[in-house]
Structures are given as structure tokens and as C-alpha cells.
Amino acid sequence: MTARAPDLLSMLRTLIETPSVSCTDPRIDQSNLAVVDHLANWLDELGFAVEVLPLPEQPRKANLVATLGSGPGGLVFAGHTDTVPCDPGLWQSEPFRLIERDNRFYGLGTCDMKGFFALAIEAARQYLDAPLAQPLILLATADEECSMDGARTLAARGSPAARYAVVGEPTGLKPQRMHKGMMMEAIRVQGRSGHSSDPSLGANALDVMHLVLGELKTFRAELADRYRHPAFAIDVPTMNLGCLHAGDNPNRICGHAELQIDVRALPGMDNDAVHEALVARLAPLAAANDVQLEVTQIHPPVPPFETPASAEIVQVVERLTGATAGAVAFGTEAPFYQEMGIDSVVMGPGYIDQAHQPDEYLDQAQIKPTIDVLSALVRELCLAPPAR
């Protein structure tokens, strides 16, 4: 087969120079369709069967499913096409240009995680004419950095069907078989404003929020006492009191306050149960202080993720990398693939410390080892028929 897709460096440059920022602020949020189009064109030229699947609720965004070969089973190389926002003034170079410096490639998305697509395609080139017994699927999703709607849409659709997945988030090419869940909650207190000279004229929402903060800190300590998982560097569930907005003027009784928090649950915990416990613990504060209080999810939560150590994909990547599969605190799309019955690991080039930071980069020393490991995975899991 004659492959007319660009070389590795050209692919990487094009992906970085095509902005696809996801943001909860609609003024900043961008479409990912241009990135999807590039990937679709390259993979079509390489002989993949390509599907572009717009998100039902976000027509400016789409998933890409590209399949080489056919049959039961299959291996997925999965990644997201979007990036976080950035502040160009904090960068030493232009975020949307690929810059080579100090044996690194700099640019927004180099490690989180557009770079993974270029390396996965490079690994796939070696098998374009191979007799695949199981298909190789390249999956590119939308909106991972905000809602994870791309992966959620695929899970609701129930496809693609496959047996294994590698989610190429930056882990220094060390396999990870579990991570914490992620839930973002908003706690809103509606009091009554009035003149600050007479507290009896209103109900101070910020006073009640002070009580809320105390209850949350107590709940956080109880969760840490109740749940532990030794595989994690931070082996307890965490609760971050992230941002607080309240009132409008010093001489008015504060009529409204909102606190937003982030909770990271361990595998084995249930996000819904944590949410219900929050509601139950905070409701009495509203009744006792004559205010309204509500606890709502900012986004649908991401479940905790764990693939058994005995799973074939875990054992294969451990052997190929020489590293024992571990655990990370950050969230990924892996639990949605698990929901589809796809045994998954998180493993990709770059390091999470470089993600979401000015001067994000991909170390060039990670490129060849990543291609080699991905190529070996295709050889072992796609050239052989699925085990019975």
C-alpha cells in the first residue's frame, strides 16, 4: 500500500498548529473539527475505514473512529483531540507553533495529548499490509478537558467494540491500570440581603457558608479515615475547596454565596453515594439558618477506574515496558471504555507535570520508545486471533 500521509514531524506540527481548545467559557471554547479532519484524511489515505461522529449536543465537535482490519476483538489507541486554554504571555514561544529546542518539542498539546496521535499513526504504518486477525482502531475524542462528552457519547452508543484499549495520556510511558474518579460540585446558599447596620434585616449567606466549610472539612477527614488504597501516592480520597464567590458590597448583608469543590474518589467508591452524603450533611444547615441551600453537579462525574492486574492487556504492557502497572490521581476517559467492556490501560509519552502548564513539551527521547511499544502491542494483540 502506498501511504501518502505526512511524516511524523509534519503530522505533529499540523496537530499543534491547529487550535482546538475546550473551555467551560463559550467565549474561549473552540471546535475540534479541523483536527478531526486532519486525522481522518491521513488515516483514510493509510487504508483505515474512517467514521466522523458529531456530538449530538455539540455539532461543532466530533469523535473520530478509524479502523484497520476487521473481525472480533481489537486494539484501540485512544486519545482526545482538545487542549486546555493557555496564556501565551507566559510561554517562551508561541503555544500554537511546534518549536524544537533542547531535544524537546514545545507546543500546546505536545504531551496532552495530540502528540500521541502522531506516534500511534507512525506505529500503525508498519502493519498496513499485515494480515490482521483483530482490528486496530484509532479513536480520537472531543471535549475531554471539560465534559468528557466525546467518550460519554461513545459509551452510550456502545461502539467501537474492541477487547483492549490504550489511553495515551502522558505517563512517561509507564502503564497505569487505575485512577481516582472526579466529581465537581457547586454548593449554593441563598440568603436575604439587607443593610449591614442591622443583621436582623437579612440572612447572611456567607455566615452559613462558613458553617458549610466546617462541615465539608469534617466530611473530608471522615472519608480519609474510611477509605484508603495503597497503590496511590495520595492513598485517600481528596476534597479540594476550589473557589468561593459571595456577596457584592461590604455594606450589604451577603445574600448569595457559591462554593465549588473537587472530589477525587478511590476505586471502590461510588460518586453518587458521595454526592448524596453531601446533600444529607448540608441540608440541616439550611433549615437551622433560614436560607436555601442546594448541592449540584457542575459536570457529570467521572467514575474511578481500575483494570485487574490479571487482565491480559495489563500483563502485556508490563512485559513490554518492564514496569509494573500503577495508579495515578488524574482522571481520564478510561472508565468509559471499561463501561463498554474494553479492558484498558493508561499509557503514553510525556509527563503529567508538563500538561496544563506554560511551555508544555514532549521530550524527543520518548518518541522512539513509544512507537516501539505501540508497534509491539499491534503485533501481539492484532496479528493473533483473540483467545477463546
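Values quoted throughout were computed directly from the atomic coordinates according to the rules given, and no laboratory measurement underlies them. Just so you know, these numbers come straight off a predicted model, no measurement behind them. Counting neighbours? That spans all protein chains shown, and the Cβs are built from the backbone with ideal geometry, glycine included.
Key figures
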item: Cα centroid of region 256-291 to Cα centroid of region 349-388, whole Å; result: 39
item: Centroid-to-centroid separation of region 196-240 and region 319-339 [C-alpha atoms, Å]; result: 30
item: Net +/- balance of residues flanking Leu33 in space, Cβ distance below 10 Å, scoring K and R +1, D and E -1; result: +1
item: Region 244-388: Cα Rg divided by the 2.2 N^0.38 Å rule of thumb; result: 1.55
item: Descending Cα extents along the principal axes, region 183-297, whole Å; result: 54, 23, 21
item: Interatomic Cα distance distribution for the chain, bins of 20 angstrom, percent; result: 26, 51, 19, 3, 0
item: Normalised per residue, the volume of the convex hull around the Cα set of region 143-226 (Å³); result: 204
item: Projected-area average for region 41-168 over all orientations - Cα convex hull basis, square nanometres; result: 9.0
item: Highest-MSF residue in the chain out of Pro19, Pro304, Pro131 [GNM, Cα springs under 10 Å]; result: Pro131
item: Share antiparallel - DSSP beta bridges, the chain, percent rounded to 5; result: 70
item: Pair Gln126, Asp102: separation of 7 Å Cα→Cβ label points (nm); result: 3.1
item: Convex hull volume per residue in cubic angstrom - Cα atoms of region 3-111; result: 123
item: Spatially near lysine pairs across the chain, Cα under 28 Å, sequence gap of 8 or more or different chains; result: 7
item: Convex hull projection area averaged over all views, region 280-358, Cα basis, nm²; result: 9.0
item: Footprinting exposure proxy for Phe330, Phe116, Phe77 (fewest neighbouring C-beta atoms within 10 Å first); result: Phe330, Phe77, Phe116
item: Separation of the Ser93 and Leu211 label points, Cα + 7 Å toward Cβ, nm; result: 5.6
